[in-house]
1. Just give me the residues in the stretch 122-133 being closer than 21 Å to residue 177 by Cβ and surrounded by 23 or more Cβ atoms within 10 Å (Cβ to Cβ), in sequence order.
2. Is it fair to say residue 128 is within 30 Å of residue 55 (Cα to Cα) and out of contact with any helix residue (DSSP H, G or I) (no Cβ under 7 Å at 6 or more places or on another chain)?
3. Which of (1) touching a helix residue (DSSP H, G or I) at 6+ places or on another chain (Cβ under 7 Å); (2) buried (at least 18 other Cβ atoms within 10 Å of the Cβ); (3) in a loop (DSSP other than H, G, I, E, B) is the odd one out, the single condition residue 119 does not satisfy?
4. Which number in (1) loosely packed, with under 14 Cβ neighbours inside 10 Å; (2) modelled with pLDDT under 90 marks the one condition that residue 55 misses?
5. Report, ordered by the first and then the second residue, all pairs with beta carbons closer than 6 Å, sequence separation of six or more or different chains, a first member in the stretch 68-82 that is assigned by TED's automatic domain parsing to the domain that holds residue 109 and modelled with pLDDT under 80, and a second member that is loosely packed, with under 15 Cβ neighbours inside 10 Å and assigned to a loop (DSSP other than H, G, I, E, B).
6. Do we have any residue at all in the stretch 100-107 that's modelled with pLDDT of 90 or more, more than 11 Å from the chain's Cα centre (by Cα), in the same structural domain as residue 33 (by TED's automatic domain parsing) and more than 27 Å from residue 76 (Cβ to Cβ)?
7. Just to verify a result, which residue in the stretch 138-152, among those that are under 17 Å from residue 166 (Cβ atoms) and either within 14 Å of the chain's Cα centre (by Cα) or in contact (Cβ under 8 Å) with a residue 12 or more places away in the chain (or both), is surrounded by the fewest Cβ atoms within 10 Å (Cβ to Cβ)?
8. So which residues in the stretch 153-170 are touching a residue at least 24 places away in the same chain (Cβ under 8 Å) and in a loop (DSSP other than H, G, I, E, B)?
């Protein structure tokens with residue numbers, strides 16, 4: 001197993017087993033969570049490219065664009081404190097670490113839709129970890145495998161496989177907007 005696969009499996013395991021963070025009664029200040037992230041994300045990457053706050057003009061759009069179930073458009077639906085859109089695995093790690101340090105729950109969006117609202121609602125203070133930017137797909141016909149990042153959709157996976165082979169496929173259903181991360185983690 002190569003280093004990239006092991007690193008990705010470690011991150012996936014970390015997300016699966018560590019995401020339910022402890023519930024603390026205090027909500028962290030904006031500055032403390034942002035300072036935590038900025039200390040863990042390389043300085044050459046601007047935090048404004050990775051973190052959206054409710055004060056950002058694109059926050060509301062980013063929150064609402066994947067919502068398919070209209071009951072989550074309600075003003076009474078709890079909103080996240082931040083939306084983190086990682087550009088690299090290290091940003092995912094930093095988000096998990098900082099959320100745990102500050103007692104925030106993480107909800108994960110993996111590129112597709114979520115009719116139940118589990119990826120963008122919570123009853124406790126939370127951060128959305130939106131994996132939309134992590135969507136690389138590498139199809140390896142030699143060993144009949146594909147390396148697919150969690151932000152990809154099933155439709156993108158089907159397309160990449162079809163580009164490489166007229167006989168290979170992946171059995172994942174007929175809805176091309178389902179996120180691969182959600183499909184695989186169920």
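The values are calculated or read from the model by the stated rules, or taken from the named source; none is laboratory data. Predicted model, so just to flag it, every value in this text is computed and none were measured. So basically every Cβ, Gly included, is an ideal-geometry build from the backbone, and we count neighbours across all protein chains shown.
1. Residues satisfying the conditions are 128, 129, 130, 131.
2. Values: within 30 Å of residue 55 (Cα to Cα): yes; out of contact with any helix residue (DSSP H, G or I) (no Cβ under 7 Å at 6 or more places or on another chain): yes.
So residue 128 fits the description; yes.
3. With respect to (1) touching a helix residue (DSSP H, G or I) at 6+ places or on another chain (Cβ under 7 Å); (2) buried (at least 18 other Cβ atoms within 10 Å of the Cβ); (3) in a loop (DSSP other than H, G, I, E, B), residue 119 is out only on (1).
4. (2)
5. 68/115; 69/115
6. Within the stretch 100-107, the first condition is being modelled with pLDDT of 90 or more, and the residues that meet it are 100-107.
Then drop every residue that is not more than 11 Å from the chain's Cα centre (by Cα), which leaves 100-105.
Next, only the ones that are in the same structural domain as residue 33 (by TED's automatic domain parsing) stay: 100-105.
In the following step, the residues that additionally are more than 27 Å from residue 76 (Cβ to Cβ) were identified as 100-101.
The answer is yes, given that some residue of the stretch 100-107 is modelled with pLDDT of 90 or more, more than 11 Å from the chain's Cα centre (by Cα), in the same structural domain as residue 33 (by TED's automatic domain parsing) and more than 27 Å from residue 76 (Cβ to Cβ).
7. Just the residues of the stretch 138-152 that are under 17 Å from residue 166 (Cβ atoms), to begin with: 139-142, 144, 146.
Narrowing further to those that are either within 14 Å of the chain's Cα centre (by Cα) or in contact (Cβ under 8 Å) with a residue 12 or more places away in the chain (or both): 139, 141, 144, 146.
Numbers: 139: 18, 141: 12, 144: 9, 146: 18.
Per the criteria, the residue is 144.
8. 165, 168, 170
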